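Asker: My structure is below; once you've seen it, I'll send some questions.
Each reported figure results from applying straightforward, stated rules to the coordinates on display, with no laboratory input. Quick caveat, the model's predicted, so the values are computed rather than measured. Don't worry about glycine lacking a Cβ; one is built from the backbone with ideal geometry, like all the others, and counts go over all protein chains shown.
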Amino acid sequence: MALGVARSLGEMGVDVVMVRYNKKDMGHTSKYIVESILAPNPDSHEKEFIELIHSLASKYPGAVIFPVSDETVLAISKHKKALEKNFLIACPEWHIAQTYIDKKLTSELAKSSGVAAPNTIIPEHKDDVINYARKATFPCLIKPIYSHKFQEKFKCKMFPVNNEDELLESYTKAKSAGLGIMIQEVIPGNDNAVVNYNAYFINGNPIVEFTSEHIRNAPPLWGSPRVARSKYIPEVIEPGRKILKAMNFDGYACTEFKRDDRDGSYKLMEVNCRHNLSTLLAVRCGVNFPWIQYAHLTNNELPYINKYKTGVYWIDITRDVGYSLRYLQQERYSISQYISPYLNSPVFAIFDSSDIRPFIQRCIYLFREAINFINPLRKESS
């Protein structure tokens, strides 16, 4: 996810140092990276990770730190005051970061601030799950309190469940892994019913706003976007502002809503107070959020952006091709629907002919994953 930030800042002449901890990362191979530093995982080795960041102060005094994963946001926000002695920090304070990362707190804040959201319960015991199942409408969702921990363990954002047995099984699986969960109603609607409200807030007010819609998700219905499109969506501006103001939020945030097919209203799905993989969509449309944040933190410059381009597509090629083939029968898109985003001068998540190494690195990783998957199957068949 740091790749979009690196390119957005690098193109503006900013030297970018990437601190990474995941072997799957490919952003560090970008031509815009002046130094790549391998760090301990901030989730499992927070103390060591923060010590490494402090050690960079003499070499990069006054640098702006952009944490772009939940793990790094949690670690950096907890130690923000100490880090601010030597750095500028592009993330909120701990109490605000915790409110968005802990989905239980986000749900409670939405309810208290009058922002529409899916019906949700947080079960304390198995009996709560059983009682819910007796009166629930299926399907429903098992969603994590801490998304990044759930994603790391199960390689998905949530568990969709279709009956009581699946609900209990999924709950038990999550609890056995030591993960807190929520049970949430399914908001009916296709992938393009999911939209994003992106904004940069200063002193509780939005300085720049940008909206977009998902076109195809990975996986369908329950995943993150693999194709998205810029679009003006006025219906989510007011609730987007309301939830961020309720958080007392300053800085950049990407807030996700889903249009409910039952009544056309938009329901809050989650708030992400960090830059994400689709950062380059807004940049292509004329809203360079990483640069806006960088210029504000370093020089107190405020942008003037009157409007942005709409109808621009963003595509994560490898995920779009892979999931399109895998879910071809389920999605039932026409050939023209699959192809049309590619014919409209899209911006790509990773592929860039002028900065090709991250895409090559991604393909190498996927090839190794495929080999590791195939080899056990060969052994079983033999």
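Asker: Amide H of Val194: which non-local residues (sequence gap of 5 or more, or other chain) have their own amide H closer than 5 Å, using H built in the peptide plane?
Answerer: His214, Arg259
Asker: I've got another one for you. Sorted by mean Cβ packing within 10 Å, highest first, what order do the peptides 238-246, 327-335 take?
Answerer: Details: 238-246: 19.2, 327-335: 11.3.
Put in order of decreasing packing, that is 238-246, 327-335.
Asker: When the Karplus curve 6.51 cos²θ - 1.76 cosθ + 1.60 is applied with θ = phi - 60°, which whole-Hz ³J(HN,Hα) does each residue of the stretch 213-230 get, with x for Gly and Pro?
Answerer: Karplus-based 3J(HN,Hα) across the stretch 213-230 equals 10, 6, 10, 9, 10, 10, x, x, 6, 10, x, 8, x, 10, 9, 9, 8, 5 Hz.
Asker: To continue, here is another question. When the helices in the chain are scored as -39500 (n - 2.57) per DSSP H run of 4 or longer and the sum is shared across all residues, what 222 nm value do you end up with, to the nearest 500 deg cm²/dmol? The partial results should precede the final answer.
Answerer: Working: 16 runs with 153 residues, N = 382.
Rounded to the nearest 500, it is -11500 deg cm²/dmol.
Asker: In the chain, which helices (entire DSSP H runs) extend 24 Å or more along their own long axis, judged by Cα positions, while averaging at least -1.0 on the Kyte-Doolittle scale?
Answerer: Working: long enough: 357-381 (36 Å, -0.26).
Long hydrophobic helices here: 357-381.
Asker: Compute the length gained on full extension between Asn203 and Lys231: take 0.36 nm times their separation in residues and subtract their Cα-Cα distance, giving the result in nm to one decimal. Walk me through the intermediate numbers first.
Answerer: Working: separation 28, 0.36 × 28 = 10.08 nm, distance 2.63 nm.
Residue separation times 0.36 nm, minus the Cα-Cα distance, leaves 7.4 nm.
Asker: Using a Gaussian network model on the chain with a 10 Å cutoff between Cα atoms, which of Val17, Val236, Val73 fluctuates the most?
Answerer: Judging by the Gaussian network model, the answer is Val17.
Asker: Quick one: dipole size for the stretch 59-166, taken about the Cα centre, charges +1 on Lys/Arg Cβ and -1 on Asp/Glu Cβ, in debye to the nearest 20.
Answerer: With only Lys, Arg, Asp and Glu charged at Cβ, the dipole is about 380 debye.
Asker: Another question about this same structure. In debye, nearest 20, what is the charge dipole magnitude of the chain about its Cα centre with +1 on Lys and Arg Cβ and -1 on Asp and Glu Cβ, if you could check? Mind dumping the intermediate values first?
Answerer: Details: 47 positive and 42 negative charges, 96 e Å.
Using only the charged Cβ atoms, the result is roughly 460 debye.
Asker: Cross-link list Lys126/Lys242; Lys31/Lys155; Lys103/Lys126; Lys78/Lys126; Lys78/Lys103: which exceed 27 angstrom alpha carbon to alpha carbon?
Answerer: Numbers: Lys126/Lys242 34 Å; Lys31/Lys155 29 Å; Lys103/Lys126 20 Å; Lys78/Lys126 32 Å; Lys78/Lys103 18 Å.
Lys126/Lys242; Lys31/Lys155; Lys78/Lys126, as the Cα separations exceed 27 Å there.
Asker: So what are the ³J(HN,Hα) numbers for the stretch 59-67, from phi and the Karplus equation (6.51, -1.76, 1.60; θ = phi - 60°), rounded to whole Hz, Gly and Pro as x?
Answerer: 7, 10, x, x, 5, 8, 9, 10, x
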